[in-house]
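**Student:** This is the structure, below, for whatever I ask next.
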Amino acid sequence: MQSAALLVVEAHPTGTEWGDRVIDLRVEDHPTPVNELARVLRLWRAYGHAERAEELELVEDLDAAMRERFTSLAMQPDHPELAFWAAVAMARAGRLDDARRTMATALSAGPGWAELLRRVVDDGQIELEAGAVEALLENED
């Protein structure tokens with residue numbers, strides 16, 4: 001064994017191949033492909049919660065969005081990207097202490113996360129209260 005795949009399709013066809021695929025994950029050339037596929041599936045599910053959080057933030061359902069963020073983090077607590085965006089959402093919601101602790105996960109993965117935070121704030125893509133960026137980067141090495 002060196003590869004594994006998981007394909008889940010809709011029970012009732014939509015008429016488009018891409019619309020019918022609910023899950024289409026593959027692992028190629030791995031020493032333990034089934035275990036790796038399970039890991040990738042957990043990651044895929046965690047990203048699904050993060051994506052739902054973004055959709056809820058767009059319609060300003062911030063409580064539901066935060067629940068999705070926490071679910072995503074519970075599934076992948078050490079994932080730097082999920083931690084980064086969850087920390088940003090927490091900071092925007094005024095939960096700066098939680099945001100600082102969560103951002104530490106991203107910052108420990110490398111300096112690029114601190115640079116990304118500075119850039120998205122400087123470019124106006126994300127609005128944070130004064131001092132929030134400095135507070136989030138307190139754990140920066």
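**Student:** Just one of 134, 138, 127 is part of a loop (DSSP other than H, G, I, E, B), more than 16 Å from the chain's Cα centre (by Cα) and either over 19 Å from residue 65 (Cβ atoms) or at pLDDT below 95 (or both); which is it?
**Tutor:** Result: 127 is the single residue among 134, 138, 127 that is part of a loop (DSSP other than H, G, I, E, B), more than 16 Å from the chain's Cα centre (by Cα) and either over 19 Å from residue 65 (Cβ atoms) or at pLDDT below 95 (or both).
**Student:** Please go through region 2-17 and pick out each residue that is touching an Asp or Glu at 6+ places or on another chain (Cβ under 9 Å) and either among the hydrophobic types (A, V, I, L, M, F, W, C) or in a strand (DSSP E or B) (or both).
**Tutor:** 4, 5, 6, 7, 8, 9 - these are the residues of region 2-17 that are touching an Asp or Glu at 6+ places or on another chain (Cβ under 9 Å) and either among the hydrophobic types (A, V, I, L, M, F, W, C) or in a strand (DSSP E or B) (or both).
**Student:** Going by the structure shown, is residue 41 more than 27 Å from residue 26 (Cα to Cα) and out of contact with any Gly (no Cβ under 7 Å at 6 or more places or on another chain)?
**Tutor:** no
**Student:** Go through 24, 20, 29 for me and flag whichever is more than 30 Å from residue 140 (Cβ to Cβ) and surrounded by 15 or more Cβ atoms within 10 Å (Cβ to Cβ). Reasoning before the result, please.
**Tutor:** Details: 24 fails: surrounded by 15 or more Cβ atoms within 10 Å (Cβ to Cβ); 29 fails: surrounded by 15 or more Cβ atoms within 10 Å (Cβ to Cβ).
None of the others qualify; the one that does is 20.
**Student:** Got a number for residues in region 81-102 being closer than 15 Å to residue 66 by Cα, in contact with a helix residue (DSSP H, G or I) (Cβ under 7 Å, 6 or more places away or on another chain) and of a type outside the set (Val, Ile, Thr)?
**Tutor:** Of the residues in that region, 13 qualify.
**Student:** Being modelled with pLDDT of 95 or more and more than 27 Å from residue 110 (Cα to Cα) narrows it down to one residue among 26, 52; which is it?
**Tutor:** 26
**Student:** Which residues, counting only those in region 34-44, are of a type in the set (D, E, K, R) and open to solvent by 90 Å² or more (accessible area, probe 1.4 Å)?
**Tutor:** Those that are of a type in the set (D, E, K, R) and open to solvent by 90 Å² or more (accessible area, probe 1.4 Å): 39, 42.
**Student:** Another question about this same structure. Could you give every pair whose Cβ atoms fall below 6 Å, whose first residue belongs to region 11-39 and is free of Cβ contacts under 8 Å to residues at least 12 places away in the same chain, and whose second residue is of a type outside the set (Lys, Arg) and part of a strand (DSSP E or B), counting only separations of at least 6 or pairs across chains?
**Tutor:** Close Cβ pairs satisfying both conditions: 20/9.
**Student:** Pairs needed: first member in region 117-141, farther than 18 Å from residue 81 by Cα; second member anywhere, open to solvent by 70 Å² or more (accessible area, probe 1.4 Å); C-beta distance under 7 Å; at least 6 residues apart or different chains.
**Tutor:** Note: pairs meeting the criteria are 128/92.
The values are calculated or read from the model by the stated rules, or taken from the named source; none is laboratory data. Model, not experiment: these values are computed from the prediction. Cβ: placed from backbone, ideal geometry, glycine included. Neighbour counts: every protein chain shown. These area figures cover heavy atoms from the full protein model, side chains too; ligands, DNA and RNA do not enter into them. Shrake-Rupley method; radii C 1.70, N 1.55, O 1.52, S 1.80 Å.
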